[in-house]
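S.K.: Following this message is one structure expressed as structure tokens.
The values are calculated or read from the model by the stated rules, or taken from the named source; none is laboratory data. Treat the numbers as computed from the prediction; the structure is a model and nothing was measured. Here the Cβ positions follow ideal geometry from the backbone for every residue, glycine too, while neighbour counts run over all protein chains shown. Surface accessibility is based on the protein's heavy atoms, side chains included, excluding ligands, DNA and RNA. Shrake-Rupley method; radii C 1.70, N 1.55, O 1.52, S 1.80 Å.
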Amino acid sequence: MLIYQVMPSPARRISGKVRRSSPRVNIISPAFDVKEFLDSAGLGRIIRRFRGKEAIFAQGDPAKNVMYIQEGGVRLTVVNEGGKEAVVAILRPGDFLGEGCLAGQSKYMATATTIAPTTVLVIEKKEMIRALHQEHEFSDRFIAYMLGRNIRVEEDLIDQLFNSSEKRLARTLLLLARFGAPGRPQKVLPQVSQETLAEMIGTTRSRVNFFMNKFRNLGFIEYNGEIHINDSLLSVVLHD
């Protein structure tokens, strides 16, 4: 909505008489609302809905858009030349994906597959660049998100190099529960299989099954179809 503000025009003196010209109309643009921008369709933005286990894009597809997850969840996987697949991330509402196109990537480097019915805002690259350049509140949020993701990648690498598979599994479960993120942790995890967890931490499904049973016996998690995370699981990560 545009707000019109009528401004009085300055008086002019013509042939000894004071004449007031027509009033000027200034158009005042409304303040930019980041939440509304990410929650709704608009110029250069469309909302798409996917079923569970449906591909949003595949590794090697042309990278033309940035996407924002409104609801559901997305698994990012990569496949090497030998056909081996690895899970590199599980993304939740509030996360972006496909942002590599902003840095010049011409193709998506991973495959994005939904893990549940998912709603995604698809933002055209041109519109994303415009918003980042012109809307400071939006660019601040996006930069903060990307910095947080970079920190997460570094922590993942350190975790993979130095921690045991048991500790890596505990940390992954806590991250999926949003432990330490703003707001309250999500006690019930999204649908994620033991195979996916094994790929994420670099071990076998049998090892994941062993540790999941151990965590359940110790009261760290409740595991009966859905995974319920208790705060006590943090003790596994903190224990030397």
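S.K.: With the structure loaded, tell me whether Glu99 is touching a strand residue (DSSP E or B) at 6+ places or on another chain (Cβ under 9 Å), buried (at least 20 other Cβ atoms within 10 Å of the Cβ) and acidic (Asp, Glu) or whether it fails that test.
M.R.: Working: touching a strand residue (DSSP E or B) at 6+ places or on another chain (Cβ under 9 Å): yes; buried (at least 20 other Cβ atoms within 10 Å of the Cβ): yes; acidic (Asp, Glu): yes.
Yes.
S.K.: Quick test of your reading of the structure: Phe210 fulfils all but one of (1) in a strand (DSSP E or B); (2) open to solvent by 90 Å² or more (accessible area, probe 1.4 Å). Name the failing condition by number.
M.R.: Result: Phe210 fails condition (1) only.
S.K.: While we're here: What is the residue count in segment 102-115 for residues that are open to solvent by 20 Å² or more (accessible area, probe 1.4 Å) and among the aliphatic types (A, V, I, L, M)?
M.R.: The number of residues fulfilling the criteria is 4.
S.K.: Which ranges mark the helices (runs of 4 or more DSSP H) fully within segment 116-181 that have 2 or more residues being open to solvent by less than 70 Å² (accessible area, probe 1.4 Å) and of a type in the set (Asp, Glu)? Can you show your working first?
M.R.: Values: elements: 125-134, 136-162, 165-176.
Counting at least 2 such residues, we get 136-162.
S.K.: Then there is this: Say whether the condition of being open to solvent by less than 40 Å² (accessible area, probe 1.4 Å), of a type in the set (A, V, I, L, M) and modelled with pLDDT of 95 or more is met by at least one residue in segment 75-92.
M.R.: no
S.K.: Pairs please, first residue from segment 207-229 and of a type in the set (S, T, N, Q), second anywhere and assigned to a helix (DSSP H, G or I), Cβ atoms under 6 Å, 6+ apart in sequence or on different chains.
M.R.: Asn209/Gln194
S.K.: Here's a follow-up. What number of residues within segment 195-207 satisfy the criterion of being assigned to a helix (DSSP H, G or I), surrounded by fewer than 17 Cβ atoms within 10 Å (Cβ to Cβ) and of a type in the set (S, T, N, Q)?
M.R.: Count: 1.
S.K.: A further question follows. Any residue that is open to solvent by 50 Å² or more (accessible area, probe 1.4 Å), more than 21 Å from the chain's Cα centre (by Cα) and closer than 27 Å to Pro117 by Cβ - is there at least one of those in segment 226-233?
M.R.: For segment 226-233, residues open to solvent by 50 Å² or more (accessible area, probe 1.4 Å), more than 21 Å from the chain's Cα centre (by Cα) and closer than 27 Å to Pro117 by Cβ: present.
S.K.: Let me ask something additional. Counting just the residues of segment 46-65 that are within 24 Å of Ala86 (Cβ to Cβ) and among the aliphatic types (A, V, I, L, M), which one comes out surrounded by the most Cβ atoms within 10 Å (Cβ to Cβ)?
M.R.: Per the stated criteria, the residue is Ile56.
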